[in-house]
Every structure is written in structure tokens, then in C-alpha cells.
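Written out below as C-alpha cells is the structure these notes cover.
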Amino acid sequence: MNPSSLFRQTLSTHGLIAILRGLRPDEARDIGLALHGAGIRLIEVPLNSPDPLQSIRILREALPDDTLVGAGTVLQPEACAQIAAAGGQLVVMPHSDPAVIRAAKSLGLACAPGVATPTEAFAALAAGADVLKMFPAETLGPMGLKAWRAVLTPPVAIVPVGGITPDALAPYLAAGASGFGLGSALYRAGDDAATVAQRATAFVRAWQQATAAV
């Protein structure tokens with residue numbers, strides 16, 4: 001299965017993307033295995049982390065094929081080739097630059113650009129986006145997502161990112177969220193594997209309970 005299809009399929013079943021900002025290569029394997037053990041199957045290492053490409057390599061080698069690994073905070077088109085060379089399968093962006101989207105897709109990578117308006121969302125989809133990252137979610141909220149869903153209907157996948165906690169999942173899912181990007185509420189630089197596993201377990205439990213109720 002190609003990364004785009006795997007991304008959409010995994011998002012539909014597992015729904016949670018771990019954002020490991022600040023991850024170091026020496027801790028990547030343990031953190032990755034802790035996330036996998038808790039049920040997380042989508043992982044991104046932001047490119048403003050220490051040696052992010054090495055962390056991506058380590059994660060890709062350590063984790064089973066049922067987990068998609070990639071990079072976040074991807075700002076430039078040329079970064080996509082470096083991500084692919086490191087074994088990354090996923091490009092996540094804070095913005096919706098069509099040049100970055102096209103570069104990712106030309107390399108066979110799944111791509112989730114960041115969008116803050118329906119205008120940006122439609123432009124990103126036209127450029128080839130697989131999933132839309134609703135960012136920053138804390139300023140848009142579930143009501144903003146509900147309004148978007150009037151025009152950005154399924155199967156378009158929308159993933160709120162920014163300020164997401166376990167308690168926030170249910171309101172966003174009720175408004176039409178397809179999944180979530182999990183930042184500092186899941187992982188902060190320096191957290192150990194046991195701490196991350198505990199938080200990941202809480203998020204997975206909240207996801208399962210919230211999706212069962214929708």
C-alpha cells in the first residue's frame with residue numbers, strides 16, 4: 001500500500017498523530033516503541049527538532065510497517081527529498097504552500113498541509129493534499145470545524161492540531177474531525193518513554209470512547 005493510502009486508512013482507524021517536537025535520536029527508539037505499544041500508529045518528527053532526519057531513520061527501522069513515520073514543520077519543497085531519503089513517508093506542514101505539497105506528492109509521500117480557512121483548504125486539496133491539518137485548532141474550535149464541514153464534506157479528512165487534550169476529542173469528533181495531531185499534551189522534549197506511554201494510553205482510550213459515541 002502506498003503512503004497516501006496507508007495514511008488515510010490508518011487515520012480512519014487509529015486517528016491520532018504523535019508530534020514529537022524536540023525528540024533526540026538517542027531517545028527515538030524508546031519513545032517510538034512506547035507510542036506503538038499504546039496504540040499510536042502515526043508519528044511525525046518536526047524538522048526543528050535535533051537531527052530530525054536521523055530520528056526518522058531510527059523510528060522507521062524500529063517500528064513495524066503498520067506505523068507511518070514522517071516529518072512535521074516542513075517549510076521548503078527541497079526538504080521532501082531529504083525526508084524520503086531518511087525513510088519518511090509523511091510530510092506535515094504548518095502552512096499550505098502548494099510547492100511543498102507538489103514536491104511531497106512527486107516523491108510518493110503522504111501530505112497534510114496546515115490550513116486555517118476554507119479558501120486555503122480548497123487550494124491545498126487542488127495541489128494534491130491527502131489530509132487537511134486544521135491549524136491552529138485552539139483558535140478555530142469545534143464550532144469553526146462544524147462550519148467548515150458544510151462545504152468540506154467527507155471523504156475530505158480534517159485533522160485539528162493545536163491545544164488538543166484527551167477531553168477535547170469528543171467535541172471535535174462531533175463537529176466532524178477525522179483525527180487529531182497531538183503535541184505537548186502527549187510529548188515534550190525530555191519526557192521519558194514511560195511518561196509518553198501513559199499519556200498515549202489516555203489519548204487512545206479517549207479516542208476509542210469518543211468514536212464509539214459518535
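As for the stretch 46-67, it holds no residue that is part of a strand (DSSP E or B) and either closer than 21 Å to Arg8 by Cβ or open to solvent by 10 Å² or more (accessible area, probe 1.4 Å) (or both).
Of the residues making up the stretch 160-214, those that are within 24 Å of Thr117 (Cα to Cα) and assigned to a helix (DSSP H, G or I) are Ala168, Leu169, Ala170, Pro171, Tyr172, Leu173, Ala174, Ala175. Every test in (1) under 17 Å from Gly39 (Cα atoms); (2) open to solvent by 60 Å² or more (accessible area, probe 1.4 Å) is passed by Ala213 save one, and that test is (1). Restricting the stretch 1-35 to residues that are under 23 Å from Ala103 (Cα atoms) and free of Cβ contacts under 8 Å to residues at least 40 places away in the same chain, the residue that is least open to solvent (accessible area, probe 1.4 Å) is Ser5.
Give the residues of the stretch 68-83 that are surrounded by 23 or more Cβ atoms within 10 Å (Cβ to Cβ) and of a type outside the set (Val, Ile, Thr), sorted by residue number. Scanning the stretch 68-83 gives Leu68, Gly70, Ala71, Gly72, Cys80. For the stretch 101-157, the candidate set comprises residues that are assigned to a helix (DSSP H, G or I) and among the β-branched types (Val, Ile, Thr); within that set, the residue that is farthest from Ala174 (Cα to Cα) is Ile101. Every test in (1) over 14 Å from the mean Cα position of the chain (by Cα); (2) open to solvent by 30 Å² or more (accessible area, probe 1.4 Å); (3) not basic (Lys, Arg) is passed by Ala38 save one, and that test is (2). Among the residues of the stretch 123-142, is any under 27 Å from Pro52 (Cβ atoms) and among the aromatic types (Phe, Trp, Tyr)? Yes, the stretch 123-142 contains a residue that is under 27 Å from Pro52 (Cβ atoms) and among the aromatic types (Phe, Trp, Tyr).
Of all the listed residues (Arg149, Arg205), the sole one being open to solvent by less than 60 Å² (accessible area, probe 1.4 Å) and among the basic types (Lys, Arg) is Arg149. The residues listed here are Gly179, Gly144, Gly190; of these, the one that is surrounded by 22 or more Cβ atoms within 10 Å (Cβ to Cβ) and either under 20 Å from Leu59 (Cβ atoms) or free of Cβ contacts under 8 Å to residues at least 40 places away in the same chain (or both) is Gly179.
The values are calculated or read from the model by the stated rules, or taken from the named source; none is laboratory data. The shown structure was predicted, so the numbers you read here are calculated from the model rather than taken from an experiment. Ideal geometry is used to build each Cβ from the backbone, glycine not excepted, and the neighbour counts take in all protein chains shown. Remember, those area values only see protein heavy atoms, side chains included, never the ligands or the DNA or RNA. Shrake-Rupley method; radii C 1.70, N 1.55, O 1.52, S 1.80 Å.
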